[in-house]
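Worksheet for the structure shown next.
The values are calculated or read from the model by the stated rules, or taken from the named source; none is laboratory data. What you are looking at is a predicted structure, and each value in this text was computed from that prediction instead of being measured. As a convention, Cβ positions derive from the backbone with ideal geometry for all residues, glycine included, and neighbour counts pool all protein chains shown.
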Amino acid sequence: MQRSVKSLLNFNPGPTRCCSGYVSRMRHLMKIKEDDEACREALKCGSFLLYHKLAPLLHKTTSGLYKLASLKTSGEIDHSALEQQCGGVFVNLRKAFFMLSGSDAPLVAKGQAVLRWHQTNGFCSATGQPTIRNQSGSLRVCHSSGITYYPKMAPVVIVLVSDGSRCLLGRQSMFPAGMYSALAGFCDMGESVEEALHREVAEEVGLEVETLQYSGSQHWPFPQSSFMIACHATVNPDKTQVSVDKAELEDACWFTVEEVTEALQMKKPPRNRKGEPPVFWVPPSYAIANQLIQEWANQQQLKRQ
């Protein structure tokens, strides 16, 4: 029996090569996104990224690195034959993040998010009738109620807390052994980013934030399409006693710049021999948590010069 392999709706259309300038390219992509006929035309020369059960197809290069595998076709394709044809393998997305670099990681995350959204929005929440997607997959419409549905992301604050010389990192029980990351939590309805950040730090580690600074943002596909809003925060260096909410975190610890720098230098997750304690490490370079930690470490190094 053949298995269905889904192709990424966010393709790389050939016609964009004829456009010049960022504005022209964005307008061309918007036309492909909203105009079904323009999308069908672009599909004739698009490269497709492939997923099986939301796992992307990766190809191992001669240098040992992994890249996204693409195909110049679409439709029903045998799963095993496809892996062999492309010289790749379907990899769980969490694992893929540790194997990809550059622009591949955000692209594969976006693709999975779109496919997952279509899987869970096949029916109108108001009428129960089937929703129909447009050609590009950028929206779904219920023709019974007239409601148009667009992909959504849940806002999440992620914050690196510092007492001036150390940074605070936490870990959830679901994290790989030894991995610690910045604190994070979903924004509540009606909350501002600042309010959510203050609340999450108080809830998870029992500390009061004194100052905060915005760093950046990132789409994150877990658990189901989150929009990460990253900030740095400081607490009173005389009030750093951590009180971990065990319902939220397994552990939270203060780390020195030396410990953090060593962890950042790891190119891939460490392997521990049986019986050895886990080695401290941080999220992969693509994760915005890594960016926060790197920024803090760089700032600490500058202070010492």
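Odds and ends about this structure:
Results for (1) surrounded by 21 or more Cβ atoms within 10 Å (Cβ to Cβ); (2) closer than 23 Å to Pro223 by Cα; (3) modelled with pLDDT of 95 or more; (4) not hydrophobic (A, V, I, L, M, F, W, C), shown as yes or no for each residue.
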{"position": "Gly111", "(1), (2), (3), (4)": "yes, yes, no, yes"}
{"position": "Phe123", "(1), (2), (3), (4)": "no, yes, yes, no"}
{"position": "Ala126", "(1), (2), (3), (4)": "no, no, yes, no"}
{"position": "Leu139", "(1), (2), (3), (4)": "no, yes, yes, no"}
{"position": "Lys152", "(1), (2), (3), (4)": "no, yes, no, yes"}
{"position": "Pro155", "(1), (2), (3), (4)": "no, yes, yes, yes"}
{"position": "Ser165", "(1), (2), (3), (4)": "no, no, yes, yes"}
{"position": "Leu169", "(1), (2), (3), (4)": "yes, yes, yes, no"}
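- Test for Ser215: is it at pLDDT 95 or above and either more than 26 Å from Tyr286 (Cα to Cα) or surrounded by 13 or more Cβ atoms within 10 Å (Cβ to Cβ) (or both): yes
- Residue list for the stretch 189-212, restricted to those being surrounded by fewer than 18 Cβ atoms within 10 Å (Cβ to Cβ) and either hydrophobic (A, V, I, L, M, F, W, C) or in the same structural domain as Ser103 (by TED's automatic domain parsing) (or both): Met189, Val193, Ala202
- The single condition from (1) within 21 Å of Gln241 (Cα to Cα); (2) out of contact with any Asp or Glu (no Cβ under 7 Å at 6 or more places or on another chain); (3) outside any loop (DSSP other than H, G, I, E, B) that Val156 fails is (1).
- Yes/no for Lys274 being within 21 Å of Glu204 (Cα to Cα), surrounded by fewer than 16 Cβ atoms within 10 Å (Cβ to Cβ) and among the basic types (Lys, Arg): no
- Condition check for His52 on (1) surrounded by fewer than 19 Cβ atoms within 10 Å (Cβ to Cβ); (2) modelled with pLDDT under 70: one failure, at (2).
- Per-region count, the stretch 168-208, residues touching a helix residue (DSSP H, G or I) at 6+ places or on another chain (Cβ under 7 Å), among the acidic types (Asp, Glu) and in contact (Cβ under 8 Å) with a residue 24 or more places away in the chain: 1
- Applying the set (1) modelled with pLDDT of 85 or more; (2) in a loop (DSSP other than H, G, I, E, B) to Asn272 leaves exactly one unmet item: (1).
- Gln300 out of contact with any strand residue (DSSP E or B) (no Cβ under 8 Å at 6 or more places or on another chain), surrounded by 15 or more Cβ atoms within 10 Å (Cβ to Cβ), assigned to a helix (DSSP H, G or I) and in contact (Cβ under 8 Å) with a residue 40 or more places away in the chain: yes
- Conditions (1) exposed (fewer than 14 other Cβ atoms within 10 Å of the Cβ); (2) among the basic types (Lys, Arg); (3) at pLDDT 85 or above; number of the one not met by Arg25: (1)
- Where Leu160 falls short, out of the listed (1) touching a His at 6+ places or on another chain (Cβ under 7 Å); (2) without any contact (Cβ under 8 Å) to a residue 60 or more places away in the chain; (3) buried (at least 19 other Cβ atoms within 10 Å of the Cβ): (2)
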